[in-house]
Amino acid sequence: MRATLTGRLALVYNAETYRRVVGGKDVIIHCHHYNSRIQRTIEGAAEIDGRGLLVAAAEEVFAEHLAANLREDDSMASRWAMAELLYSHLGYGCIDLSRVEQGEVVAPSSHFVEGWLAGLGQRDAPVCSFTEGYLQGAIFAASGELVRVREVECMATGAARCRFTVERGREEPIARAPRAPATLAAAPQSAYLRSPNVDEEAIIAAVVGMPIYGNLDGLIPAFGVYLANTPADFYNLVSIRFVEAMAARRREKTARRLLIEDAETCGMNTFRGIMSSTEWEGLIAPMIRAPADNLHALVAVSNALGWGDWHICSHTPGLSLTLESRSGYEALGYREYRGVADQPCCSMLTGVAAGLMELVYGEGTLAERFGTFTSSESSCICSGEPLCRFEVERVV
Ligand SMILES: [Zn+2]
Ligand SMILES: [Zn+2]
């Protein structure tokens, strides 16, 4: 049964748009540093109910994602198996649903616990709010029942495994954010800057060919970090709603800055892991003849991770970098969920663009490099422009 179910989640990579599709949804690969940091940013904002926001986005997205991967003639056992499999295949860890009908779920491994303990220290409260939302959405998709899931024990606080209780009798339906397909202006075919030393197509093919899905523990250790495949819809709902909730409290600028900083840190962490991996050593290191070749190679890798079809337009080594993105998931998501925006919205790409320069040209620890380049998005698809454009400069 498991093999048949796994077949439904086979990766479809679209070479033209650089999108990764798993089980019918665009997924984006990010590492545990990024996922834990945006969780801390959103849940840590005292003015808003960040935890509720995150749980609601997860339940909404995964109710839809799991439903899209169930068939009408699936038995109840297959439905629960698919709910467990989708979670572990995407890299979030293992959930055991064998006692879900008795009101209990246990999880012996967790991407979110790994992420929190790796960089953000011990906690006295459970950390797996994403999993609560996943379970609420998945239980609804599998059985039609509306429930509330609460994590009562968590490995992040020293428990042997995470444990969740399932409360029945919920009446509030699972929300479905209205969305409309975005009509985009055709992007001009720019002549992008390439390095003759770096074979971008070979890099993309190698990364797309890697088995980036959960192992027996439901985790994806690779490049020295834990990766996860997360639906673009999830990232978009949480960041749009976080910025809106903060804007309602006159904290919009702070919200955007925090999201950019999380991505800047993540960009350095993930790409440092990639540059010291055996995969890099074998395939990419022989292509590197000059420092700028690292940038070209890293941009190719990020395109294989589903981040948004972006390319280098101009670059002065050590000083500045301009990138253009033709279909970043943040901009497309904004257009679908909210229509046309009055300012750029691609926090992730903005932060990562600075992180790339800091990693390739910076010196010292990652903390010392942080903030040594500034990055801004000068035009964005979300405001009706044909491209998103990012300008990065060294801070003098
Ligand atoms: Zn936990
Ligand atoms: Zn944008």
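The values are calculated or read from the model by the stated rules, or taken from the named source; none is laboratory data. Keep in mind that what you see is a predicted model, and the values were worked out from it rather than measured. Every residue, glycine among them, receives a Cβ derived from its backbone with ideal geometry; neighbour counts consider all protein chains shown. SASA here: full protein model, heavy atoms, side chains in, ligands and nucleic acids out. Shrake-Rupley method; radii C 1.70, N 1.55, O 1.52, S 1.80 Å.
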Unit-weight point scatterers at every alpha-carbon of segment 2-167, Debye formula, q = 0.09, 0.14, 0.15, 0.19 1/Å: log10 I(q)/I(0) is -0.30, -0.73, -0.83, -1.29
In whole angstrom, the spacing between the Cα centers of segment 269-344 and segment 55-118 equals 31
Probe 1.4 Å, all chains present, heavy atoms only: GLU368 accessible area in Å², nearest 10, is 120
Subtracting the Cα-Cα distance of GLN189 and SER75 from 0.36 nm times their residue separation yields 36.1 nm
Under the 7 Å Cα-to-Cβ spin-label approximation, GLU16 and SER276 lie apart by a distance in nanometres of 4.1
Rounded to the nearest 10 Å², the 1.4 Å probe accessible area of ARG79 is 40
Per the rule of 0.36 nm per residue minus the C-alpha distance, extending ALA202 to THR6 adds in nm 67.9 nm
With all protein chains present and a 1.4 Å probe, the order of THR131, THR316 from largest accessible area down is THR316, THR131
The answer for segment 2-167, accessible area per residue at 1.4 Å probe in Å², is 37
Taking only the alpha-carbon atoms of segment 254-338, the convex hull volume per residue, in cubic angstrom, is 114
For the THR157, LEU366 Cβ pair and Förster radius 22 Å, calculated FRET efficiency rounded to 0.05 is 0.20
Any GluC sites (Glu not before Pro) in segment 38-105 that lie in a DSSP loop and have at most 15 other Cβ atoms within 10 Å would be GLU47, GLU72
So for R0 = 41 Å, FRET eff. of LEU146-ASP342 from the Cβ-Cβ r, to 0.05, ends up at 0.65
Share of accessible surface on carbon and sulfur in the chain, whole %, 1.4 Å probe and ligands ignored, is 51
Comparing PRO291, PRO126, PRO231 in a Gaussian network model of the chain (Cα, 10 Å), the one with the largest mean-square fluctuation is PRO291
With T = 37 °C, eta = 0.692 mPa s and Kirkwood Rh from C-alpha pairs, the Stokes-Einstein D of the chain in µm²/s is about 153
Measure of exposure for CYS388: accessible area at 1.4 Å probe, Å² rounded to 10, is 0
The correct pair for segment 298-374, radius of gyration to one decimal and Dmax as a whole number, both in Å and from Cα atoms, is 13.8, 42
One can check that the equivalent ellipsoid of segment 202-325, built from the alpha-carbon gyration tensor with semi-axes equal to the square roots of five times its eigenvalues, has lengths in Å, largest first, of 28, 21, 12
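To the nearest 20 Debye, how big is the dipole of the chain about its Cα centre, given +1 on the beta carbon of each Lys and Arg and -1 on that of each Asp and Glu?
So the dipole magnitude of the chain works out to roughly 300 debye.
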Using alpha carbon centers only, segment 347-396 is separated from segment 136-188 by a whole-angstrom value of 32
